[in-house]
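Everything below concerns the one structure shown next.
No lab work stands behind these numbers, since they all come straight from the coordinates. All of these numbers come straight from a predicted model, not from anything done at the bench. Counting neighbours? That spans all protein chains shown, and the Cβs are built from the backbone with ideal geometry, glycine included.
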């Protein structure tokens with residue numbers, strides 16, 4: 001599950017502990033051992049919205065453009081597709097996030113405000129559907145977003161992009177619902193900021209993701225047992241500071257709260273230039289009317305969020321084994337550091353991973369990530385984790 005928001009917890013501990021640098025943190029090497037979705041045929045991949053792993057290692061991949069969930073063996077061999085386009089039972093308009101409750105696979109479909117449940121072999125079981133707006137949601141319509149381990153459903157308000165691009169904090173309640181759509185209660189607040197930039201051209205608006213966003217990160221565990229939140233505010237001075245990791249269970253009870261000390265790294269002009277180059281290429285391919293590259297670059301520079309120092313964490317992934325994976329600063333190198341925490345919050349490993357790999361799943365044994373070719377065609381690559389001796 002991948003999002004960019006934060007929960008301000010309604011239940012706080014006496015105070016988070018601070019973890020300074022640990023000595024002798026093991027280095028984990030990664031070795032590519034399998035590919036899924038490469039080539040043509042029914043197993044070929046288009047846009048990947050989410051990835052999850054079954055107990056037997058089967059890979060499940062949400063494909064919103066094809067409106068199916070594709071499955072592959074751990075070796076990358078295509079097995080079958082789950083669902084099809086439509087509004088009927090077991091059908092999708094836009095499959096989004098994936099997860100598990102026991103051995104039941106759940107798939108969100110925001111376009112149809114529902115979560116569909118399947119057996120691992122793709123047999124449809126039932127659907128959870130609701131759309132709720134009331135005083136408890138502050139009048140904002142929430143739809144089912146994640147199925148939690150206790151059977152409750154975490155709601156979601158789709159924040160309009162124009163609000164996220166105005167440089168202000170957008171806050172909304174995090175509400176748990178029954179499967180029938182009845183609110184159980186508010187267990188925190190979700191906050192977003194500095195997520196998108198806006199380019200205006202007449203009456204049209206184009207939005208682009210901010211490369212150096214420091215909006216807090218959140219992720220729901222694959223089995224719905226917990227929610228992890230990383231606060232990663234960009235530093236304002238070179239003095240040592242901290243980022244925080246918090247975890248709560250499905251009821252909202254905090255089970256981990258820890259700060260991690262680090263030394264801020266300045267945002268360089270080279271990093272800004274690389275971000276602008278990336279946005280110019282991307283927007284040049286998607287905008288119907290595109291100004292000259294130099295003009296577009298100037299527009300982007302005016303609206304690019306540029307903190308003095310790099311956000312300390314750039315991605316968050318949770319494993320089925322309880323590990324918490326944190327991608328550290330974006331340094332513009334060919335490889336990127338990932339720090340791995342065990343369920344107690346202790347750093348148990350550092351993995352040196354290709355920087356262009358969009359990691360979607362990770363645990364102590366493996367990583368699955370999206371790799372794009374020169375034509376922006378995705379392939380999922382499995383890496384084996386090799387701990388240092």
Listed residues 97, 269, 244, most fluctuating in the chain (Gaussian network, C-alpha, under 10 Å): 269
Proxy reagent accessibility, fewest Cβ within 10 Å first, across 134, 172: 134, 172
How far apart, in nm, are two points set 7 Å out from the Cα along the Cα-to-Cβ line at residue 84 and at residue 46? 1.6 nm
Stretched out fully, how many nm does the piece from residue 126 to residue 77 gain, at 0.36 nm a residue minus the Cα gap? 14.8 nm
Which order, highest average first, do 119-132, 187-200, 346-359 follow once you tally other Cβ atoms within 10 Å for each residue and take the mean per peptide? 187-200, 346-359, 119-132
Which of [x] 1.25; [y] 0.97; [z] 0.94 is the computed Rg/Rh (Cα atoms, Kirkwood Rh) for the structure on display? [z]
In deg cm²/dmol and to the nearest 500, what is the mean residue ellipticity at 222 nm of the chain if only DSSP H runs of at least 4 residues count, each as -39500 (n - 2.57), divided by the residue total? -2500 deg cm²/dmol
Order of 226, 237 from fewest to most other C-beta atoms within 10 Å? 237, 226
At 7 Å along Cα-to-Cβ for each site, give me the label-to-label distance between residue 168 and residue 33 in nm. 5.1 nm
Multiplying the sequence separation of residue 25 and residue 65 by 0.36 nm and subtracting their Cα-Cα distance, what value in nm do you get? 10.3 nm
Please give the FRET efficiency for residue 302 paired with residue 236, using the beta carbon to beta carbon distance and R0 = 30 Å, rounded to the nearest 0.05. 0.90
Tell me the Kirkwood radius of segment 271-357: reciprocal of the mean inverse pair distance over distinct alpha-carbon atoms, in Å. 15.3 Å
If contacts are Cα pairs under 8 angstrom and at least 6 residues apart, what is the relative contact order of segment 59-136 in percent? 20 percent
Evaluate the relative contact order of segment 325-389 (contact order divided by residue number), counting alpha-carbon pairs under 8 angstrom at least 6 apart; express in whole percent. 20 percent
Quick one: 201, 24, 66, fewest Cβ neighbours within 10 Å first, how do they rank? 24, 201, 66
Relative contact order of the chain, please, whole-number percent, based on alpha carbon pairs below 8 angstrom and at least 6 residues apart. 18 percent
